[in-house]
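Notes for the one structure printed next.
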Amino acid sequence: MTRRTVRIAMNGVTGRMGYRQHLVRSVLAIRDQGGLDLGDGDTLWPEPVLVGRRADALRAIADRHGLAHWTTDLDAVLADDTVTVYFDAQVTAARPDALRRAIAAGKHVYCEKPTATSLTDALDLARLARDAGVRSGVVQDKIFLPGLLKLKRLVDSGFFGRVLSVRGEFGYWVFEGDWQSAQRPSWNYRAEDGGGITADMLPHWEYVLRELLSPITSVQALTATHIPTRVDESGAPYRATADDSVYAVFQLADGTVAQINSSWAVRVARDELVEFQIDGTHGSAVAGLRDCRVQHRSVTPKPVWNPDLPTTEPFRAQWQQVPDNAEFDNGFKAQWELFLRHVALDTPWRWDLLAGARGVQLAELGLRSSAEGRRLDVPELTL
């Protein structure tokens, strides 16, 4: 057996997402399983090099996990020929500059979404990576969730017949930060720092709908900042300049209509923090992060509208759970493994910086749609 080491500069691991999902539950989890099996007796061993601005935080993480390499000098790590992959989970506004520098240094790049705060920058990054001949990847974790994998299985099997519509609900109450600390960093609510739920979530819905059904061809959105004042990490009040909710209607290339509400100012009355319902001529399904339940047309009840009588039908009990029928890994880790395999073996890969640019495009058009009060076409992007 041959062990091949891939050194990965990981920038942004002091943040919640970069630390929990990417470092601990993905890269370190791959190491815990003995590396990534490449076949033919070869194993890929990821070696993280932690990068960030706060030396104390980086040192603490490295000590906690027995990691030998960390630095606050991004230029130095990009100049290191033994580092072949650069990963970025910084705040969005800082991402384009760091990615440009990594691409110029010849590194393969993998990053969180959105890739940039503007479509111009997002497309520029995709062109730079293409022209430099480096491999690129953008995190699109939702399609690797067990619930959505089950939903995709149903779509591919023809369970729905002709798909009519998708209804999606995402969100939860993010505390304002006064009497309880907020679950999200304050920059999320400042437009000048790249914040806003439209910029955060519409890139997710772009790839989710594309992967499940077909590309989005038009968008009509309404954004809102329901909570105008919040309290930051130091206890100081600040004005929320970014949207905390977006209500969007999408037309898909196959004729499906999708409606997805996203909000950080909603209290949860769902089984999971995100749920999607697909309705088709032959059946319907509701999927969350992990579970998926279905109702086929052959067993669909016949409700009758009568507001004068109490509802006695157990609507939720009339649906059937879709079995797992497989072992589901952490979605972030699953995509990390595919990207590392792509870097090592040039295996097929479609979630590159151009795919990331499509998400930025949809978010940009969603904000413009809300500002102009009209539906906008979503043209297919090319480089």
Residue match in region 291-305 (condition: surrounded by 13 or more Cβ atoms within 10 Å (Cβ to Cβ), out of contact with any strand residue (DSSP E or B) (no Cβ under 7 Å at 6 or more places or on another chain) and in the same structural domain as N188 (by TED's automatic domain parsing)): no
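For (1) more than 20 Å from the chain's Cα centre (by Cα); (2) modelled with pLDDT of 95 or more; (3) not aromatic (F, W, Y), each residue gets a yes or a no:
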position: P307; (1), (2), (3): yes, no, yes
position: F339; (1), (2), (3): no, yes, no
position: G356; (1), (2), (3): no, yes, yes
position: G359; (1), (2), (3): no, yes, yes
Residue in region 353-366 that is without any contact (Cβ under 8 Å) to a residue 40 or more places away in the chain and not assigned by TED's automatic domain parsing to the domain that holds V109 present: no
In region 21-41, residue nearest to the chain's Cα centre (by Cα) [restricted to those that are under 17 Å from D346 (Cα atoms) and modelled with pLDDT under 95]: G39
Residue that is nearest to T347 (Cα to Cα) [pool: residues in region 112-143 that are surrounded by fewer than 20 Cβ atoms within 10 Å (Cβ to Cβ) and of a type in the set (V, I, T)]: I143
Considering residues of region 364-383 that are hydrophobic (A, V, I, L, M, F, W, C) and under 12 Å from S218 (Cα atoms) only, the residue nearest to the chain's Cα centre (by Cα): L365
Cross-chain or 6+ apart pairs with Cβ under 6 Å, region 265-277 first and assigned by TED's automatic domain parsing to the domain that holds H226 and at pLDDT 95 or above, then in a loop (DSSP other than H, G, I, E, B) and loosely packed, with under 13 Cβ neighbours inside 10 Å: A265/H226
Which listed residue is of a type in the set (D, E), surrounded by fewer than 21 Cβ atoms within 10 Å (Cβ to Cβ) and part of a helix (DSSP H, G or I), from E233, E211, E176: E211
Where a residue in region 51-71 is exposed (fewer than 11 other Cβ atoms within 10 Å of the Cβ) and its partner, wherever it lies, is assigned to a helix (DSSP H, G or I), with Cβ under 9 Å and at least six apart: A68/A62
Identity of the residue in region 271-320, assigned to a loop (DSSP other than H, G, I, E, B) and hydrophobic (A, V, I, L, M, F, W, C), that ends up farthest from F144 (Cα to Cα): L309
Qualifying residue in region 358-365 (condition: surrounded by 21 or more Cβ atoms within 10 Å (Cβ to Cβ), touching a strand residue (DSSP E or B) at 6+ places or on another chain (Cβ under 7 Å) and more than 30 Å from M10 (Cβ to Cβ)): yes
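Quick grid of which residues meet (1) on the phi < 0 side of the Ramachandran plot; (2) at pLDDT 95 or above; (3) out of contact with any Asp or Glu (no Cβ under 8 Å at 6 or more places or on another chain):
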{"site": "T71", "(1), (2), (3)": "yes, yes, yes"}
{"site": "A76", "(1), (2), (3)": "yes, yes, yes"}
{"site": "D80", "(1), (2), (3)": "yes, yes, yes"}
{"site": "T84", "(1), (2), (3)": "yes, yes, yes"}
{"site": "A89", "(1), (2), (3)": "yes, yes, no"}
{"site": "A93", "(1), (2), (3)": "yes, no, no"}
{"site": "P96", "(1), (2), (3)": "yes, yes, no"}
{"site": "L99", "(1), (2), (3)": "yes, yes, no"}
{"site": "V109", "(1), (2), (3)": "yes, yes, no"}
Helices (runs of 4 or more DSSP H) wholly inside region 33-150 that include at least 3 residues being in contact with a helix residue (DSSP H, G or I) (Cβ under 6 Å, 6 or more places away or on another chain), assigned by TED's automatic domain parsing to the domain that holds V208 and not polar (S, T, N, Q): none
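The values are calculated or read from the model by the stated rules, or taken from the named source; none is laboratory data. Everything numeric in this text was worked out from a predicted model, so none of it was measured. Every residue, glycine among them, receives a Cβ derived from its backbone with ideal geometry; neighbour counts consider all protein chains shown.
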